[in-house]
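Down below is the structure, laid out as structure tokens.
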Amino acid sequence: MQGINSREHRILAAAFDKFESMSLIAQDVLEESEDLQTRQGMAELDNLYARFQLLYNELEKCIKEYEVKKKKVRTTINRNNRKLNSKLRRM
């Protein structure tokens, strides 16, 4: 699974911050549609990044729960297999 590069997102967010500060100084340079497109695009990226982080944290939690449960089940299976094997040998 390929994730979203956090470092890359921070770099892009810093570039957007620079864009915002420069656009306040030079308001007449960009057309309104270009400015709006840039701002909407970054807002969508931020939302997607936040969603990714949430899902990634949920996935990490699920993985940890799975590993704990797997160890318990494996222990139970192995213990029961030893009991059954011992019982079958005595028969």
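The values are calculated or read from the model by the stated rules, or taken from the named source; none is laboratory data. Note that the structure is predicted; figures quoted are calculated from it, not measured. Every residue, glycine among them, receives a Cβ derived from its backbone with ideal geometry; neighbour counts consider all protein chains shown. These area figures cover heavy atoms from the full protein model, side chains too; ligands, DNA and RNA do not enter into them. Shrake-Rupley method; radii C 1.70, N 1.55, O 1.52, S 1.80 Å.
Figure legend. Inter-residue proximity from segment 44-60: first residues under 14 Å from Leu12 (Cβ atoms), second residues aliphatic (A, V, I, L, M) and open to solvent by less than 100 Å² (accessible area, probe 1.4 Å), beta-carbon distance below 9 Å, spacing 6+ or different chains. Indicated pairs: Leu45/Leu12; Leu45/Ala13; Asp46/Ala13; Leu48/Ile4; Tyr49/Ile4; Tyr49/Ala13; Phe52/Ile4.
Matching residues to (1) of a type outside the set (D, E, K, R); (2) touching a helix residue (DSSP H, G or I) at 6+ places or on another chain (Cβ under 7 Å):
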site	(1), (2)
Ala15	yes, no
Met22	yes, no
Asp28	no, no
Glu34	no, no
Met42	yes, yes
Tyr56	yes, no
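If you go through segment 33-43 one residue at a time, do you hit one that is free of Cβ contacts under 8 Å to residues at least 60 places away in the same chain and surrounded by fewer than 10 Cβ atoms within 10 Å (Cβ to Cβ)? Looking through segment 33-43, at least one residue is free of Cβ contacts under 8 Å to residues at least 60 places away in the same chain and surrounded by fewer than 10 Cβ atoms within 10 Å (Cβ to Cβ). How many of the residues in segment 58-91 are in a helix (DSSP H, G or I) and open to solvent by 100 Å² or more (accessible area, probe 1.4 Å)? Result for segment 58-91: 17. How about segment 2-38: which of its residues are assigned to a loop (DSSP other than H, G, I, E, B) and under 16 Å from Tyr49 (Cβ atoms)? Scanning segment 2-38 gives Gln2, Gly3, Ile4, Asn5.
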